[in-house]
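Trainee: A single structure is presented below for examination.
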Amino acid sequence: MQTISTPVGLETAVFGGGCFWCTEAVFTSIEGVIAVQSGYCGGHLDHPTYEQVCCGTTGHIEVVRIEFDPSVVGYESLLEAFFDSHDPTTPGRQGNDVGPQYQSAVFWQTAAQREIATAMIRRIDATQALADPLCTQLLPAAPFWPAEAMHASYFALHPEQGYCQFVIAPKVLKFRKTFAGRLKNQG
């Protein structure tokens, strides 16, 4: 388990939005996000491996841990990006990625984050902005286990890989178009 020790002035968010390669690729581009790390939360096994989590029996969810500067980007804005960048209505599935490790989840780190996430989930469901109700699990902070080094910056390092081209790239392109005003300077 890696203890979350966030530098002074920064906050931490932990989201499970399906494949962590996709989720990491989205959040690294947001202004105010300092670091994004792929990993696993919510399971019953210490030091899980990717292979163990992919079996779907450890109880872990693929997540990203995000360090952000709240003076630049608020938690609510990160939640908006989170809900927009994946399908939060299908339990244990994101496209062709199927299994409990792909569950949509918010691991709140503080009572304030829990309140903000709860209010947003209620608001999204009440407005029926999505065709189906949200199935995003709202969970308390849990041990975060960093993913193996090979998963870090996967999309940035392997843009030619098939999954990156056909799954991640379109998701990132859509996200960058929708959130253009909130992105880091790309030039």
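The values are calculated or read from the model by the stated rules, or taken from the named source; none is laboratory data. Here the structure is a predicted model, which means the values were calculated and not measured. Using ideal geometry, Cβ is built from the backbone for each residue, glycine included, and neighbour counts are taken over all protein chains shown.
Trainee: I need the full set of residues from region 149-187 which are in contact with a Pro (Cβ under 9 Å, 6 or more places away or on another chain) and assigned to a helix (DSSP H, G or I), in order please.
Mentor: Scanning region 149-187 gives Gln165, Ile168, Ala169.
Conditions (1) crowded, with 16+ Cβ neighbours inside 10 Å; (2) at pLDDT below 85, marked per residue:
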{"site": "Pro88", "(1), (2)": "yes, no"}
{"site": "Thr127", "(1), (2)": "no, no"}
{"site": "Phe144", "(1), (2)": "yes, no"}
{"site": "Gly162", "(1), (2)": "no, no"}
{"site": "Gln165", "(1), (2)": "no, no"}
{"site": "Gln186", "(1), (2)": "no, yes"}
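Trainee: When both residues are 6+ apart or on different chains and their Cβ atoms are under 6 Å apart, which pairs have a first residue that lies in region 99-116 and is under 12 Å from Pro140 (Cα atoms), and a second that is assigned to a helix (DSSP H, G or I) and among the small types (Gly, Ala, Ser)?
Mentor: Val106/Ala117; Trp108/Ala117
Trainee: Please find, within region 70-86, the residue that is surrounded by the fewest Cβ atoms within 10 Å (Cβ to Cβ) out of those that are more than 12 Å from the chain's Cα centre (by Cα) and not aromatic (Phe, Trp, Tyr).
Mentor: Ser71
Trainee: Another question about this same structure. Of Asp69, Asp97, which residue is modelled with pLDDT of 90 or more and within 25 Å of Val172 (Cα to Cα)?
Mentor: The match here is Asp69.
Trainee: While we're looking at this one, here's another question. Which condition from (1) of a type in the set (A, V, I, L, M, F, W, C); (2) within 16 Å of the chain's Cα centre (by Cα); (3) over 26 Å from Gln165 (Cβ atoms) is the one that Ala35 breaks?
Mentor: It fails just one condition, (3).
Trainee: If you don't mind, there's one more thing I want to ask. Within region 118-143, how many residues turn out to be more than 16 Å from His86 (Cα to Cα) and without any contact (Cβ under 8 Å) to a residue 60 or more places away in the chain?
Mentor: Qualifying residue count for the region: 8.
Trainee: For region 1-98, list the strands (runs of 3 or more DSSP E) that sit wholly inside it and hold at least 1 residues that are of a type in the set (Ser, Thr, Tyr) and in contact (Cβ under 8 Å) with a residue 60 or more places away in the chain; which are they?
Mentor: So the answer is 11-17, 33-41.
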